[in-house]
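Reading through the structure tokens given below for one structure.
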């Protein structure tokens, strides 16, 4: 066995190490939802609706002012609060909200 291959952890070992070192002991807190609301990554869901430049400007303003993306988007776009709630739903960015794509 070469030195290079002996230094590589197997996928199972790597997964177990990651779980032990990074995941074990994590607990949900009441701060979690607020952190999601204040996160800027969610702005990417606006791009198909208002374009990249407008979305980037909203992210910049939200980051500078401490407002949420939704708060800034309500002022800067014609989208309603209900539309923004649907567009900015974090589950749309995760497996929970994605629709399966047809097989080719």
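What is the spin-label model distance, in nm, from residue 49 to residue 19 if the labels are put 7 Å beyond Cα along the C-beta direction?
3.8
Please sort 10-23, 34-47 by packing, taking for each peptide the average over its residues of neighbouring beta carbons within 10 angstrom, highest first. List each step's numbers first, then the result.
Working: 10-23: 9.9, 34-47: 15.6.
Result, highest mean first: 34-47, 10-23.
With 10 angstrom as the radius, rank 27, 70 by how many other C-beta atoms surround their C-beta, starting from the fewest.
Values: 27 5, 70 19.
The order, fewest Cβ neighbours first, is 27, 70.
With a/c under 1.5 counting as rounded, go ahead and sort region 32-90 into rounded, prolate or oblate using the C-alpha gyration tensor (a ≥ b ≥ c being the square roots of the eigenvalues; past the cut-off, prolate if a/b is larger than b/c, else oblate). Walk me through the numbers on the way to the answer.
On the way: a/c = 1.44, a/b = 1.14, b/c = 1.26.
Verdict is rounded for region 32-90.
Give the relative contact order (percent, whole number) for region 34-94; include only Cα pairs under 8 Å separated by 6+ residues.
Details: 53 pairs, mean separation 22.6, N = 61.
Reported as a whole number, the value is 37 percent.
FYI, it's all coordinate maths here, none of it is from the lab. Values in this document were obtained by computation on a predicted structure and should not be read as measured data. Quick reminder, even Gly has a Cβ in these numbers, built from the backbone with ideal geometry, and neighbours come from all protein chains shown.
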